[in-house]
Amino acid sequence: MITLALISILFHGCASSSTLETVKTVDLNQYKGVWFEISKIPNRFQSFCSSDTTAEYKIIKNGAIEVINKCQTENGEYEVANGLAKVIDQESQAKLKVSFVRILGIQIFWGDYWIIGLENNYQYAIVGDPERKYGWILSRQNKMPEYLLSDAYRILENKGYNKNDFVMTKHTQK
């Protein structure tokens, strides 16, 4: 019994510390546009969001991507965070760095944004980081059919994430 528990702990540790694989390729022209957050690992920088979280991606000059994150707070107001993303793996275009902090016209504090799952027709995407501290399921619609959500969670678990770390995002807008 104890041996089985130790093997389980070691296997889980190996899975979560293994290299995180991204999708093989991303067409950023298909990826751009509005995505609805369906589920996420809670984090401090979104702690004020209570519902209707979206992310919009716009390709701008020099291949950079404008990022506009938006959510509704508990008091019904909308918070908007403007950022910039840059592709760090030109071959796959699945590894990006994102910054939402700009000082004197310079973006600082870049974070990993890796696309680790992507539906063939770009109807949903799964985003994570190599440490597996952050994770999001995004969809083109504010609701995902249960079979697609199950597929997304299966991909996350295969990539070393624990689906129980994720919480569903509430959407009140149609």
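Bear in mind these aren't lab numbers, they're just calculated from the coordinates by the rules spelled out. Quantities reported herein were computed from a predicted structural model and do not represent experimental measurements. Glycine also receives a Cβ, built like all others from the backbone with ideal geometry; neighbour counts cover every protein chain displayed.
Counting charges near LYS58 (Lys, Arg +1; Asp, Glu -1) among other residues having Cβ under 14 Å from its Cβ returns a value of +2. Answer rounded, prolate or oblate for the stretch 64-108, using the Cα gyration tensor with square roots of eigenvalues a ≥ b ≥ c: rounded when a/c is under 1.5, else prolate when a/b is larger than b/c, else oblate. Note, shape of the stretch 64-108 comes out oblate. Listed values [x] 66, 19, 14; [y] 27, 20, 17; [z] 24, 17, 16 include one computed from this model; for semi-axes √(5λ) of the Cα gyration tensor in Å that value carries the label [y].
Evaluating 6.51 cos²θ - 1.76 cosθ + 1.60 at θ = phi - 60° for every residue in the stretch 42-58, the Karplus couplings come out as x, 9, 5, 6, 10, 5, 7, 7, 10, 6, 6, 7, 9, 9, 10, 10, 10 Hz, glycine and proline recorded as x. Our helix-only sum for the chain, with -39,500 (n - 2.57) per DSSP H run of n ≥ 4 divided by its residues, gives a mean residue ellipticity at 222 nm of -5500 deg cm²/dmol. In this structure the amide hydrogen of GLY117, modeled in the peptide plane, comes within under 5 Å of the amide hydrogens of VAL23, ILE126, none closer than 5 places in sequence on its chain. Rounded to the nearest 10 degrees, the angle from helix 146-158 to the longest Cα principal axis of the chain is 70 degrees. Quick one: net charge around LYS133, please, counting Lys, Arg +1 and Asp, Glu -1 for every other residue with C-beta under 12 Å from its C-beta. Neighbour charge sum, excluding LYS133 itself: -1.
I'd like to compare 75-85, 151-161: which one has the highest average count of other Cβ atoms within 10 Å, and what's the full order after that? Please list the in-between numbers first.
Details: 75-85: 13.2, 151-161: 18.0.
So the peptides 75-85, 151-161, ranked by packing, come out 151-161, 75-85.
Sequence-distant contacts, meaning Cα pairs under 8 Å at least 6 residues apart, place the relative contact order of the chain at 26 percent. In sequence order, the stretch 62-77 has phi-based couplings of 6, x, 6, 10, 7, 10, 10, 9, 9, 8, 9, 8, 4, 8, x, 7 Hz under the Karplus curve 6.51 cos²θ - 1.76 cosθ + 1.60, θ = phi - 60°, and Gly or Pro positions carry x. Amide H to amide H distances under 5 Å link SER51 with GLN72, where only residues 5 or more positions off or on other chains count and H is placed in the peptide plane. Specify the residue with the greatest mean-square fluctuation among SER150, SER50, SER99, computed from a Gaussian network of the chain linking alpha-carbon atoms under 10 Å apart. The residue that fluctuates most here is SER150.
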